[in-house]
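Notes to accompany the following structure.
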Amino acid sequence: MPLARFALLTRMTAVAGLFVGLAMTGWSQTAPAAPAPQNTPEARPLPVLDYSKAVSHFPNPVGPYTARYLAPPNLANTSRIDGLLHDGKMYLSLNDAIALALENNLDIAIARYNLNIADTDVLRAKAGSSILGVPLGVVQNTPGGGVGGLGGQVGSGAGGTSVGAGGAGAGVAGLTSSTLGLGPLITSFDPVLTATLQEDHSNQLPTNLFSGVPIVQSNTGTVNFTYQQGFQWGTNMSLGFNNSRSVTNNAFASINPAVLSNFQFKLTQHLLQGFGLAANTRFIRIAKNNRELSDVAFRLQIITTVNQIESMYWDLVYAYENLRVKQESLTFSDKTLSDTKKQVEIGSLAPIEAVKAQSQVAADQQALTVAKTNLQLQQLLMKNALSRTLHDSNVAGAEVIPTSTMEVPENEPIQPTEDLVNEALRHRAELVESRIQLNSQELSNKAVRSALLPSVDVFAYYGGSGLGGDANVSGIPVCNGTNGPFCYNPAAAPPPFQHSNRVSIGNDIGQMFNSTAPDKGVGLQVNIPLRNRAAEAAQIRSELEYRQSQMALQQTENRISIEVRNAQFGVEQNRASVASAQAAVDYAEQSLDAEEKKYQFGTSTTTAVLQTRSALAAAESTLLSAKAAYEKSRLELDRATGQLLDHANVSIDDAAKGQVTHLPNVPHVVPRTDQPAATAPSQAAQPQ
């Protein structure tokens with residue numbers, strides 16, 4: 001490589017290093033913090049990995065250009081489940097069930113990824129790009145518990161916002177805002193350094209008679225650099241540095257080889273459309289709001305799942321208790337059939353009485369079969385909800401034995417309805433989500449209003465150029481005062497021609513920056529849409545959607561108020577049902593005792609005894625159903641007021657990490673004094 005070309009490339013590389021250093025300083029800019037619409041526990045950040053921060057160039061220069069590795073999901077059950085297994089049975093308290101769900105439930109595990117997905121939108125917005133949206137829907141793919149609800153997504157661009165909230169059989173679908181992605185275009189906040197390195201060999205037919213050669217050959221080397229960056233106040237900066245070195249066989253070339261260099265530094269500032277932080281940082285602030293929304297949505301996921309697990313647990317308790325009642329009924333009817341057959345044999349009863357007793361045994365056997373299969377189903381649903389996989393044979397084949405029982409307090413605490421409603425309005429996740437969304441919509445509206453304005457940009461630039469190489473003046477006479485105007489005067493010649501010897505690349509670069517040939521100016525660029533209908537439509541639509549969201553927020557508050565009152569009514573009604581069912585059981589027990597005594601003295605019949613015993617079994621089943629309904633109504637009241645997690649002492653931080661360090665403590669639940677009957681799924685349950 002010729003020495004001149006090597007020197008040129010060396011210096012160009014040094015200049016490129018300066019551009020890279022300038023780019024590194026540009027990468028350090030930070031965005032203003034988004035406003036916090038709600039300073040409540042429901043909106044505080046959760047302890048998860050933070051993907052909203054970019055990978056630094058130091059100590060790994062290629063770090064930002066390397067894909068990050070994410071470990072595959074861990075599908076093994078946590079060790080907590082092994083501690084509950086004994087002799088092929090899983091002895092499960094309600095608190096243990098909630099703890100296992102926080103660690104293993106797949107609905108929660110799937111929703112946990114949304115927290116990091118929201119981080120990536122923050123990182124994207126910091127670069128000046130539009131955001132992609134954050135999934136906020138409640139995941140409800142775990143069967144059992146009877147929990148319903150709706151889900152959604154919050155996003156921007158062509159999408160918008162849509163939020164759903166799950167509850168105990170009730171949900172709310174959010175409104176869709178399609179204007180969050182509208183507004184002035186944002187220049188990338190991430191600096192971009194563009195380089196062009198090119199070597200060109202060209203052969204051309206001559207275009208004039210003075211080339212001196214039949215084919216004009218030229219070799220051109222190009223080294224160009226461009227640095228571009230946008231800033232959050234609506235300023236765009238560009239810096240270009242262009243260099244070329246050409247060698248030709250044209251004998252009449254004035255400079256050969258010729259080195260041409262130029263640079264231009266340009267600043268452009270938006271004055272109307274796209275001016276200021278509000279328009280240019282809207283995606284950053286909305287993305288941070290969406291990150292808060294993902295935290296709130298995750299809390300709503302935990303509320304929904306805990307609500308479901310508690311409901312499933314009481315279904316399991318009811319299934320065991322119902323199995324016990326059916327087994328006792330079958331045992332009693334078997335004994336009655338045996339006694340009746342003996343009395344038929346001695347002739348004290350008619351044969352038809354044995355037939356009636358046999359019919360009752362068959363009915364009780366059928367009811368017991370239904371109770372067994374229902375218990376097996378509830379066990380399977382519970383194990384599925386509390387584990388990541390059922391391929392673990394120890395878990396798949398284990399019986400789930402509930403060790404907690406329902407407790408109906410003697411005196412129901414009475415809290416004023418208005419206080420409960422106020423608690424709900426402060427704590428319900430749906431309301432926190434709606435308020436954050438309103439804030440994001442307001443931020444977007446400011447940008448949409450800015451897009452109504454004409455585009456007026458002021459710009460200023462400064463540049464310079466330089467020319468160097470070998471001056472070809474051998475064929476031109478030197479001026480001596482007598483040879484006329486067509487002569488060569490070194491003193492009056494431009495810099496490249498002041499000396500007939502080579503001008504170095506250093507002099508060429510020096511010419512760019514010493515104002516030998518400056519290029520500078522200022523200007524104003526105006527773009528006025530004469531009708532502006534698209535911007536008008538977008539602006540009024542954004543305002544309409546904002547007002548619509550305000551109305552929807554009020555509607556949600558009204559609905560929540562009704563939910564709280566309805567839940568409070570449910571607790572009162574179900575407590576009354578428990579008292580009524582308990583009285584019915586007491587009466588049925590006394591009636592059965594009296595009927596059995598009458599039967600012993602021959603004043604009653606087998607049919608009367610069986611009917612009384614059936615009435616007792618029905619009363620006991622009604623009592624079990626009433627207790628389960630009462631527990632679920634209290635659960636629904638906690639959900640409706642937004643205090644389910646607080647009352648159950650559930651740690652959201654533990655749920656976010658997937659590792660429970662503080663065991664939940666559900667109130668009004670006591671350990672069982674007697675363990676329920678436990679059977680393998682393929683065996684009959686036997687009462688204790």
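So how do 389-396, 307-314 stack up, highest first, on mean other-Cβ count within 10 Å? Mind dumping the intermediate values first?
Values: 389-396: 13.8, 307-314: 25.4.
Taking the mean over residues of other Cβ atoms within 10 Å, the ranking is 307-314, 389-396.
With a point put 7 Å past each Cα toward its Cβ, work out how far THR120 is from LEU390 in nm, to one decimal.
3.2 nm
I need the phi-derived Karplus couplings for region 103-113: 6.51 cos²θ - 1.76 cosθ + 1.60, θ = phi - 60°, integer Hz, Gly and Pro marked x.
8, 10, 4, 6, 4, 5, 4, 5, 5, 4, 5
With the full set of protein chains in place, find how many percent of the accessible area of region 346-406 is carbon and sulfur; take the probe as 1.4 Å.
It is 58 percent, rounded to a whole number.
If amide H atoms are built 1.01 Å from N in the plane of the peptide, which residues on other chains or at least 5 residues away come under 5 Å of the amide H of SER404?
Under 5 Å from the amide H of SER404: LEU94, ARG672.
For region 266-318 and region 532-553, what is the centre-to-centre distance using only Cα atoms, to the nearest Å?
21 Å
Determine the alpha carbon to alpha carbon distance for each of LYS356/LYS598; LYS341/LYS372; LYS356/LYS597 and list only those over 25 Å.
The answer is LYS341/LYS372.
I'd like to compare 425-435, 122-132: which one has the highest average count of other Cβ atoms within 10 Å, and what's the full order after that?
Highest mean packing first, the order is 425-435, 122-132.
Per residue of region 643-653, in order, report the coupling 6.51 cos²θ - 1.76 cosθ + 1.60 (Karplus, θ = phi - 60°) as ³J(HN,Hα) in whole Hz, putting x for Gly and Pro.
10, 4, 5, 5, 5, 8, 6, 8, 8, 5, 4
What aspartates and glutamates does LYS342 reach when the alpha-carbon gap must be under 20 Å and sequence neighbours fewer than 8 apart in one chain are set aside?
Partners found: ASP334, GLU353, GLU595, GLU596.
Using amide H atoms built 1.01 Å from N in the peptide plane, name the residues 5+ places from LEU182, or on other chains, whose amide H lies under 5 Å from its own.
Correct list: GLY157.
What dipole magnitude, in Debye to the nearest 20, does region 269-421 give about its Cα centre under +1 on Lys/Arg Cβ and -1 on Asp/Glu Cβ? Write down the numbers at each step before the final one.
Details: 14 positive and 18 negative charges, 177 e Å.
In total the dipole reaches around 840 debye.
What is region 515-595 by shape, rounded, prolate or oblate, if you read a ≥ b ≥ c off the alpha carbon gyration tensor as root eigenvalues and call it rounded for a/c under 1.5, prolate for a/b larger than b/c, and oblate otherwise?
prolate
Suppose all protein chains stay in the model; what accessible area per residue would a 1.4 Å probe give for region 237-357, in Å²?
Value for region 237-357: 35 Å² per residue.
In region 51-134, what percent of the accessible surface is made up of carbon and sulfur (1.4 Å probe, ligands and nucleic acids excluded)? Please list the in-between numbers first.
Numbers: 2650 of 4270 Å².
Roughly 62 percent, rounded to a whole number.
On a straight-distance basis, which lysines could pair with LYS126 in a cross-link, Cα separation under 17 angstrom, same-chain partners fewer than 8 positions away excluded?
LYS53, LYS288
Nearest 20 debye, what's the magnitude of the dipole of region 290-366 about its Cα centre given +1 on Lys and Arg Cβ and -1 on Asp and Glu Cβ? Mind showing how you got there, number by number?
Values: 8 positive and 11 negative charges, 27 e Å.
It comes to approximately 140 debye.
Can you give me the C-alpha center-to-center distance between region 181-208 and region 632-662, rounded to a whole angstrom?
57 Å
Take the solvent-accessible surface of the protein heavy atoms, probe 1.4 Å, and return the percent of it on region 532-669 that carbon and sulfur atoms account for. Walk me through the numbers on the way to the answer.
Details: 3620 of 6920 Å².
Roughly 52 percent of what the probe reaches on region 532-669 is carbon or sulfur.
If packing is taken as the mean number of other Cβ atoms within 10 Å per residue, what is the order of 136-144, 101-109, 656-664, highest first?
Top of the packing list down: 101-109, 136-144, 656-664.
Under 27 Å from the Cα of LYS520, which lysines turn up, not counting those fewer than eight places away in the same chain?
Of all the lysines, those that pass the test against LYS520 - Cα under 27 Å, at least 8 places apart if same chain - are LYS266.
The values are calculated or read from the model by the stated rules, or taken from the named source; none is laboratory data. Note that the structure is predicted; figures quoted are calculated from it, not measured. Neighbour counts run over all protein chains shown; Cβ positions are idealised from the backbone, glycine included. Heads up: the accessible areas ignore ligands, DNA and RNA and are worked out on the full protein's heavy atoms, side chains in. Shrake-Rupley method; radii C 1.70, N 1.55, O 1.52, S 1.80 Å.
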